[in-house]
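The values are calculated or read from the model by the stated rules, or taken from the named source; none is laboratory data. If you're wondering where the values come from, they're calculated on a predicted model, not measured in any experiment. Note that we place each Cβ from the backbone using ideal geometry, even for glycine, and neighbour counts take in every protein chain shown. Please note that ligands, DNA and RNA were not included when accessible areas were found on the heavy atoms of the full protein model with its side chains. Shrake-Rupley method; radii C 1.70, N 1.55, O 1.52, S 1.80 Å.
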Amino acid sequence: MTNGPLGGILSFGAYIPKKRLQRASIYAANAWFAGGLKGLAKGERAIGDWDEDAITMAVEAARDTLEGVDRTTVGSVALASTTLPFVDRQNSGVIKEALNLADETGAMDVTGSMRAATSLLIQALKGAGGGSGDGRVQLVLASEMRKARPASEGELVNGDAAAGVLVGSGDAVALFKGSYSTTIDFVDHYRSTGMDFDYGWESRWIRDEGFTGLIGGALKDGLKALGVEAGTIDKFIVPISVRGVPDGLAKKAGIKPEAVADVLSASVGDSGAAHPLLLLVAALEAAKPGEKILLVGFGQGVDLILLETTEALAKLSPRKGVKGSLARGQKDENYLRWLFHRGLLDLERGMRAEADQKQPGTTLWRNRKAVLGLVGGRCTKTGTVQFPRSDISVNPNDHAAHTQEDYPLADKRAKIVTYTADALTYSPAPPSYYGMIDFDGGGRMMIEFADVSADDVEVGREMEMVFRIKGTDEMRDFTKYFWKAAPVAKEA
Amino acid sequence: MARGIKDKVAILGMGCAKFGERWDKDADQLMVEAFEEAIGDAGIDSSQIDAAWLGVAFDAVNIGPSGIPLSMALRLPNIGVTKVENYCASGTESFRGAVYAVASGAADIALALGVEKLKDTGYGGLPVRTRGTTFDMVGVTGSAPGNFAQLASAYRAAHGVGKDDLKRAMAHVSVKSHANGAKNPKAHLRKAVDMETVLGAPMIAEPLGLFDCCGVSDGAACAIVTTPEIARSLGKKDLVTVKALQISTSNGWELQQGGGWNGSYFHTTRIAATKAYEEAGVTNPREQISLTEVHDCFSITELVTMEDLYLSKEGEGWRDVLDGVFDADGQVPCQIDGGLKCFGHPIGASGLRMIYENYLQLLGRAGERQRKTPPSLALSHNLGGMPSQNVSAVAIVGLADA
């Protein structure tokens with residue numbers, strides 16, 4: 001256990017993909033085979049689009065977290081996930097490039113357990129108070145997009161999401177009041193290297209020995225070690241989607257029933273290793289200053305993190321967060337499309353899909369700022385902005401040479417100049433929307449659109465940039481990332 | 001501006017293969033088919049050719065690199081043969097090579113041949129291909145219809161034209177070309193279509209339906225050029241000469257300069273047309289140009305090209321189209337041979353196919369589709385790339401004394 005006036009959480013953010021697959025649609029397709037899942041066929045779950053994965057979702061959560069934050073203050077970025085796209089290529093390194101952070105940034109991937117994010121957060125919070133850093137803040141991210149077999153429970157229960165918190169010793173919105181951890185090799189489920197799906201054991205045993213036994217035991221010992229009265233906890237976060245488990249644990253530990261946080265089962269689903277962080281962000285959004293938050297992480301042991309919110313909460317600039325992400329959700333009933341997008345249904349894609357997507361490492365390396373960071377060029381002589389930057393300016397009135405400086409475009413808004421919905425080119429989600437956009441403040445590009453609906457695309461439509469998968473080299477198993485333009489959510 | 005090459009080069013002979021799904025022939029056999037007609041028309045022997053240019057765009061599904069395939073197919077006398085590729089303007093680009101060679105005096109007789117076999121890809125439309133490893137990371141590899149369809153969204157916004165009005169004007173473009181193509185034995189698609197069929201066709205790339213898109217075919221076309229003096233010495237009486245030949249290439253302004261180009265027209269075509277008219281001495285194109293063959297890869301491309309060639313006023317092209325100005329019996333017929341719409345677009349061949357039709361029309365050899373009013377100046381417009389980034393070629397040919 002640790003204690004004392006340590007660092008804290010300076011900022012937070014979240015990203016939940018727009019599409020909400022109706023569980024009734026999943027169940028309807030599989031009821032003939034797995035009728036017993038009927039009890040889970042309620043509400044909706046968040047699903048990533050075909051061009052999203054744990055990296056892209058983490059980038060969006062990071063951008064939300066860094067809202068109003070000077071990015072030069074970020075000293076490290078870490079990503080917790082059990083669904084990292086790359087086993088060996090630092091996933092958080094891709095995120096660092098997408099965020100256009102300084103090269104002098106530390107990075108780390110944390111994986112292997114459903115409590116990867118809480119363990120990472122404990123290390124970050126401890127580090128923040130330890131005085132070992134250079135005063136820069138730590139970006140802690142968690143993101144998860146789990147695959148589950150058709151007709152499995154996980155398919156209905158899981159959800160795709162990402163969340164982030166910024167950790168440091170500055171003006172914290174929530175102070176770190178201590179943590180408590182246990183480690184016990186409890187194999188309620190596992191996924192070995194190379195496996196696509198979890199293999200799980202009987203739910204009754206998990207409930208009795210795992211949730212009640214391990215979490216219940218850790219709460220009993222942990223609260224004592226942390227020196228906190230159970231009755232003073234204002235928000236109790238248990239990222240377990242099995243009905244009644246958080247309430248039962250609260251009751252047994254003596255925590256107020258109204259302190260138990262909703263686990264977003266009905267609207268998002270269980271986002272695995274990202275879920276503790278996602279629920280923490282939701283709790284912080286709703287918290288008032290001076291509240292005690294107890295966050296639980298569970299996976300081969302238990303993590304407990306105690307936080308206390310401060311007056312600084314009110315000073316945080318507006319962000320999408322969990323609340324905003326939930327508000328922009330869009331009903332989806334196309335179960336087959338989702339199976340295809342997750343690689344679980346082998347549709348006939350036609351010869352156009354055969355085009356080789358080989359990515360030379362050299363060109364990506366040379367152009368990493370433009371490709372991963374959407375950094376263009378700005379002519380220091382004329383102010384002309386362009387993408388990508390080039391030796392000689394595009395400005396017809398002054399083709400100034402070697403005058404350009406880096407000019408990040410990812411956070412600029414843009415407007416559609418031309419567009420089409422292309423049903424001929426291969427896309428996993430036809431028709432493929434793309435067109436030309438003009439950025440506010442200069443610069444234009446031809447770009448693919450994301451999250452577009454047919455009735456909401458026109459010349460002049462305001463767009464924002466999102467980090468997505470551009471394509472996959474299926475022959476060599478390499479994911480190519482780039483930016484796309486998505487419609488800015490209209491004010492309600 | 002440079003003095004230009006008006007009347008310095010004459011067309012000695014031309015040939016054009018039957019366009020279509022030529023399951024029966026390889027690219028080199030299509031070359032021979034076009035060449036045999038051209039050399040017969042020219043009345044010379046291949047040993048008299050001093051230099052040759054070959055236009056091909058998709059060499060990977062075609063003939064492979066270099067000028068060697070042309071030299072081998074025609075058994076040319078070990079002369080210099082150069083392969084050129086300039087997107088879909090490759091045909092006119094090959095013509096430019098040959099014409100410039102003659103105009104410069106470097107060659108007495110030169111040959112241009114364009115060929116493409118698109119029907120060996122296994123699917124419709126143009127082959128999907130890379131545009132370079134850097135572009136592929138940040139660019140959009142849409143389909144050709146998707147790239148050109150964007151003209152429509154921008155044109156509607158720029159000129160306040162309703163979706164239905166523009167769609168009807170686009171449909172008229174295709175109905176007109178099909179009516180013309182039905183009369184042409186060398187065309188691929190020879191069936192007339194009505195407005196309802198065009199308007200009701202499946203959507204390919206919003207707002208382009210199936211009939212707003214040109215066909216996809218195999219084909220070849222060939223031109224043999226020389227000086228007017230040599231042509232006359234070889235017994236030619238009615239000479240068709242090159243009045244102007246201009247190519248304009250995008251430098252990124254349309255694609256990259258925020259707030260500049262509005263997406264509704266071809267910046268390069270306007271430049272190429274202006275230069276070509278100056279070179280040919282044309283001051284009022286709508287009155288002076290007898291007919292045009294333009295790059296109607298898509299109906300909307302032809303429509304905005306009427307404005308870019310200054311045959312219609314800006315924003316009024318769609319009305320002129322609906323008024324029949326460009327019909328076969330209109331003021332300035334466009335695609336009197338059926339156009340890309342009915343010939344299909346074997347990339348390397350198209351630019352030369354257009355000049356072939358203009359050549360026939362000028363000499364009164366166009367048979368059933370011959371323009372009644374005898375033409376004197378004919379324009380061809382051959383475009384490569386996409387609206388935001390392209391190569392635009394304008395060639396004006398005419399009777400020697402016009």
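Overview of values
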| quantity | calculated |
| --- | --- |
| Estimated D of the protein assembly as shown in µm² per second, where Rh is the Kirkwood radius over Cα pairs and Stokes-Einstein applies at 37 °C, 0.692 mPa s | 108 |
| Rounded, prolate or oblate (a/c below 1.5 giving rounded, otherwise prolate when a/b exceeds b/c) for region B:263-402 by Cα gyration tensor | rounded |
| Amide H contacts of A:THR418 (H built 1.01 Å from N, under 5 Å, at least 5 apart or other chain) | A:MET436 |
| Cα-Cα over 27 Å, subset of A:LYS18/A:LYS480; A:LYS38/A:LYS320; A:LYS235/A:LYS320; A:LYS381/A:LYS480; A:LYS415/A:LYS470; A:LYS38/A:LYS490 | A:LYS38/A:LYS320; A:LYS381/A:LYS480; A:LYS38/A:LYS490 |
| Loop-located trypsin sites (Lys or Arg not before Pro) in region A:305-351 whose Cβ has at most 12 other Cβ within 10 Å (DSSP) | A:ARG349 |
| Global geometry of region A:107-248, whether rounded, prolate or oblate, following the gyration tensor of its Cα atoms and the 1.5 cut on a/c | oblate |
| Amide H contacts under 5 Å for B:LEU291, placed H, 5+ residues apart | B:LEU377, B:LEU379 |
| ³J(HN,Hα) computed for each position of region A:69-84 - Karplus, 6.51 cos²θ - 1.76 cosθ + 1.60, integer Hz, glycine/proline x | 9, 6, 5, 6, 8, 7, x, 7, 10, 9, 10, 9, 5, 9, 10, 5 |
| Whether region A:217-361 is rounded, prolate or oblate, judged on the alpha carbon gyration tensor where a/c under 1.5 counts as rounded | prolate |
| Volume in Å³ per residue [convex hull over Cα atoms, computed for region A:412-492] | 104 |
| Interface size A-B, as summed buried accessible area [1.4 Å probe, Å², nearest 100] | 3200 |
| Amide H contacts of A:PHE236 (H built 1.01 Å from N, under 5 Å, at least 5 apart or other chain) | A:VAL260, A:ALA261, A:LEU294 |
| Region A:252-303, accessible surface, carbon-and-sulfur percent (1.4 angstrom probe) | 57 |
| Residue of B:LEU166, B:LEU255, B:LEU245 that the Gaussian network model of chain B assigns the largest fluctuation, springs spanning Cα pairs under 10 Å | B:LEU255 |
| Around B:VAL198: net Lys/Arg minus Asp/Glu count, Cβ-Cβ under 11 Å | +1 |
| Between region B:196-265 and region A:278-348, the Cα center-to-center distance that results, in Å | 55 |
| When each of B:LYS8/B:LYS183; A:LYS42/A:LYS252; A:LYS288/A:LYS323; B:LYS117/B:LYS163; A:LYS224/A:LYS323 is checked by Cα-Cα distance, pairs over 25 Å | B:LYS8/B:LYS183; A:LYS42/A:LYS252; B:LYS117/B:LYS163; A:LYS224/A:LYS323 |
| Partners for A:LYS147 among aspartates and glutamates (Cα-Cα distance below 16 Å; same-chain residues under 8 apart left out) | A:ASP49, A:ASP51, A:GLU52, A:ASP53, A:GLU155, A:ASP160, A:ASP196, A:ASP198, A:ASP270, A:ASP346 |
| Structure-based [θ]222 nm, chain B - -39500 (n - 2.57) summed over DSSP H runs of at least 4, per residue, nearest 500 | -10500 deg cm²/dmol |
| Among B:ASN358, B:ASN184, B:ASN251: highest mean-square fluctuation, GNM of chain B, C-alpha pairs under 10 Å | B:ASN251 |
| Alpha carbon Rg of chain A, scaled by the compact-globule rule 2.2 N^0.38 Å | 0.99 |
| Cβ-defined net charge surrounding B:ALA182, 10 Å radius [Lys, Arg +1; Asp, Glu -1] | +3 |
| Using θ = phi - 60° and Karplus 6.51 cos²θ - 1.76 cosθ + 1.60, couplings along region A:297-307 (whole Hz; Gly, Pro as x) | x, 10, x, 6, x, 9, 10, 10, 10, 9, 10 |
| Eligible aspartates and glutamates near A:LYS96 by straight Cα distance, threshold 14 Å, same-chain separation 8 or greater | A:GLU60, A:GLU104, A:ASP109 |
| C-alpha center-to-center spacing [region B:289-314, region A:40-57] in angstrom | 47 |
| The protein assembly as shown, accessible area per residue, ligands and nucleic acids excluded (1.4 Å, Å²) | 38 |
| Pairwise centroid distance, computed over Cα atoms, of region B:345-375 with region A:154-229, Å | 77 |
| Using θ = phi - 60° and Karplus 6.51 cos²θ - 1.76 cosθ + 1.60, couplings along region B:329-337 (whole Hz; Gly, Pro as x) | 9, x, 5, 10, x, 10, 6, 5, 8 |
| Charge tally in the Cβ shell below 9 Å around A:VAL296, where Lys, Arg are +1 and Asp, Glu are -1, A:VAL296 excluded | 0 |
| DSSP-loop trypsin sites (Lys or Arg not before Pro) across region B:1-86, with at most 15 other Cβ within 10 angstrom | B:ARG3, B:ARG75 |
| Top of B:VAL32, B:VAL61, B:VAL99 by mean-square fluctuation, Gaussian network on chain B, Cα under 10 Å | B:VAL61 |
